[in-house]
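Report on one structure; see the data block that follows.
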Protein chains: 2
Amino acid sequence: MNSDERAAIADEVRRTVRDIPDFPKPGILFRDITPVLANPSLFGKVMVAIASPFERQGITHVVSIESRGFILGAPVALELRAAFVPVRKPGRLPSATVREDYTLEYGTDALEMHADALRGAKGVLVVDDVLATGGTAAATCRLVERAGGKVFACAFMIELAALGGRARLAGTRADSLITY
Amino acid sequence: MNSDERAAIADEVRRTVRDIPDFPKPGILFRDITPVLANPSLFGKVMVAIASPFERQGITHVVSIESRGFILGAPVALELRAAFVPVRKPGRLPSATVREDYTLEYGTDALEMHADALRGAKGVLVVDDVLATGGTAAATCRLVERAGGKVFACAFMIELAALGGRARLAGTRADSLITY
């Protein structure tokens, strides 16, 4: 996919994302991706646009973050013929896990990945729908390292630049299809 | 895909699913699908095996249940060129929703779908990873009707027949790739 094609897909995503004011709380403008998912032709193009920079880059594992990340990560993994690895909230993965805590606006949360999920991994691509503050993406990158993997890049459909997530991923390549 | 091919894929899934005793609590044998997702060739075949009975059946929308259902539902929606519609826990979808409560072993839970998600829907396919007691799948079917849609069928990777989920979906076609 060339950069003109990618730009055309980005434009269509921008026109299709639905802005919801005051969600999940007053003053927040939520970027609702469900209209993109509801358009099969656009969803397919978005998936290819996210995956295509990583074709023939040695990606063996796609790691995605519960739960909206799964919607993009699973098709991207299939497109790249890579293993799909879910990162989940604590207590939901049944086998032995590694765990990372991370800071929220108020308090902390944690993510887990199966400890054996990256056995034999060469290149790991982290996929999520939105890069906001970068807290969950950074925690996921640390999880990957803890499980013995190496993050090749993080890929997002949407980046909310004002929230500074890219800075929290310093040193890691981060690709976004569209940026607000 | 013919029935021999489907049976071969089912056999490979059966050999690949990892049994985890006593998860999430003592006495429960958990069928862990993550080794299937970690095998890109098998994951791709599973996705096609789930989707192929519904090719050219007029499926316009694939409805999937948070969060493991998203992992199968999103690729199946892309394969069928159908809209992908997420069903989520309460409070997570940003626009106006319809809601269904359902009974758990102890207490109740609820699911939501965007109220406008099935606008123009003809055939709806409900996709989830596992059919267990059928509570969430039955609630999802009711959500579909409440939003003005019609369930064509439910499709699962795994059915745990002893838990009787199929009976709760009475009147609705239910396809499972493998049955324990």
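The values are calculated or read from the model by the stated rules, or taken from the named source; none is laboratory data. What you are looking at is a predicted structure, and each value in this text was computed from that prediction instead of being measured. All Cβ positions, even for glycine, are placed from backbone atoms using ideal geometry, and neighbour counts span all protein chains on display. Just so you know, the surface numbers come from the protein's heavy atoms only, side chains and all, with ligands and any DNA or RNA stripped out. Shrake-Rupley method; radii C 1.70, N 1.55, O 1.52, S 1.80 Å.
Based on this model, can you work out whether B:F43 counts as of a type in the set (F, W, Y), modelled with pLDDT of 95 or more, more than 19 Å from A:M47 (Cα to Cα) and open to solvent by less than 10 Å² (accessible area, probe 1.4 Å)? It is false that B:F43 is of a type in the set (F, W, Y), modelled with pLDDT of 95 or more, more than 19 Å from A:M47 (Cα to Cα) and open to solvent by less than 10 Å² (accessible area, probe 1.4 Å). Taking the conditions exactly as written (in contact (Cβ under 8 Å) with a residue 12 or more places away in the chain and either assigned to a strand (DSSP E or B) or basic (K, R) (or both)), does A:S176 satisfy them or not? Yes, satisfied. The conditions of being within 14 Å of chain A (Cβ to nearest Cβ), without any contact (Cβ under 8 Å) to a residue 12 or more places away in the chain and touching a Ser or Thr at 6+ places or on another chain (Cβ under 9 Å) are not met by B:R92.
Counting only helices (runs of 4 or more DSSP H) that sit completely within the range B:1-107, zero hold 1 or more residues that are touching a strand residue (DSSP E or B) at 6+ places or on another chain (Cβ under 7 Å) and over 28 Å from A:I59 (Cα atoms). Take the conditions (1) at positive phi; (2) within 14 Å of another protein chain (Cβ to nearest Cβ); A:K122 misses just one of them, which is (1).
To keep it simple, each residue is scored yes or no on (1) within 11 Å of chain B (Cβ to nearest Cβ); (2) on the phi > 0 side of the Ramachandran plot; (3) surrounded by 22 or more Cβ atoms within 10 Å (Cβ to Cβ).
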| residue | (1), (2), (3) |
| --- | --- |
| A:P53 | no, no, no |
| A:G58 | no, yes, no |
| A:V62 | yes, no, yes |
| A:L72 | yes, no, yes |
| A:P75 | yes, no, yes |
| A:R81 | yes, yes, no |
| A:P86 | yes, no, yes |
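Restricting attention to the range B:6-33 and to residues that are open to solvent by less than 40 Å² (accessible area, probe 1.4 Å) and in contact with a Lys or Arg (Cβ under 7 Å, 6 or more places away or on another chain), the residue that is nearest to the other protein chains (Cβ to nearest Cβ) turns out to be B:D32. Considering only residues in the range A:127-173 that are open to solvent by 10 Å² or more (accessible area, probe 1.4 Å) and in a strand (DSSP E or B), the one that is nearest to A:P90 (Cα to Cα) turns out to be A:D128.
Among the residues of the range B:108-119 satisfying the criterion of being open to solvent by 50 Å² or more (accessible area, probe 1.4 Å) and in a loop (DSSP other than H, G, I, E, B), which is nearest to A:G69 (Cα to Cα)? This residue is B:D116. In the set (1) among the hydroxyl-bearing types (S, T, Y); (2) under 16 Å from B:M113 (Cα atoms); (3) in contact (Cβ under 8 Å) with a residue 40 or more places away in the chain, the condition left unmet by B:S52 is number (2).
Residue by residue, here is whether (1) under 15 Å from the mean Cα position of the chain (by Cα); (2) of a type in the set (S, T, N, Q) holds:
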position: A:H61; (1), (2): yes, no
position: A:E66; (1), (2): yes, no
position: A:G69; (1), (2): yes, no
position: A:A74; (1), (2): yes, no
position: A:R81; (1), (2): no, no
position: A:V85; (1), (2): yes, no
position: A:P90; (1), (2): no, no
position: A:T97; (1), (2): no, yes
position: A:E100; (1), (2): no, no
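Taking the range A:102-135 as the range and being more than 22 Å from A:A51 (Cβ to Cβ) and either in contact with a Phe, Trp or Tyr (Cβ under 9 Å, 6 or more places away or on another chain) or among the charged types (D, E, K, R) (or both) as the test, the residues that pass are A:E105, A:T108, A:D109, A:A110, A:L111, A:E112, A:D116, A:R119, A:G135.
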